[in-house]
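Every number in this text was worked out from the coordinates using simple rules, so none of it is lab data. This one's a predicted model, so the numbers in the text were calculated from it and none came from an experiment. Heads up, the Cβs are rebuilt from the backbone with ideal geometry, glycines too, and the neighbour counts pull from every protein chain shown.
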Amino acid sequence: MKSRSDEHQCRALFKTNCNALFQTALLLTADEVAAEGALTKAIEEIDSLNSPGQSTFASLERALLIHSIEAPTSRSTPGYKTRSMLQPELQPIIHMERSPRICFVLRALLHYTSAQCAQILGIEESSVALLFQMAVVKLQQEVV
């Protein structure tokens, strides 16, 4: 059973980070419906998320990542609504193919190591490096 202090801390954490968590899910899924579903599932699991030595936010973020990566998406090209839900500087990321986009978000935005990415995605570290490089090239092409 959670104490009032724990419950208050979880609510404050959620309010403070809700937009950032949703944008993370949106970048990973490229679909607002899938992002909302992933965030909802992660929030529903909040009571069971904390593992020893891990903060509530880290546990929530990890659950969000897993649900976002596993989420089916409803369209292949992000629509205006999806793009408009992101900060303008993040919008080019949404146009990448799924695997390079996920690797880029994990590595560049969330600062996961290649080994952590490989573990989360169930692929080799060399594949993570290749996908990350593909994402960087795609972003450079969009900037030019």
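At-a-glance table
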item: The stretch 83-144 - percent relative contact order, Cα under 8 Å, separation 6 or more; result: 36
item: Rg(Cα) / (2.2 N^0.38 Å) computed for the stretch 97-143, rounded to two decimals; result: 1.04
item: Rounded FRET efficiency, nearest 0.05, which uses the C-beta distance separating THR56 from GLN133 and R0 of 30 Å; result: 0.30
item: FRET E, pair GLN116, GLU36, Förster distance 25 Å, beta-carbon r, rounded to 0.05; result: 0.50
item: Under 13 Å, Cβ to Cβ, from LEU64 - net charge with Lys/Arg +1 and Asp/Glu -1; result: -3
item: Calculated FRET value between SER126 and ALA20, using beta carbons and R₀ = 35 Å, to 0.05; result: 0.70
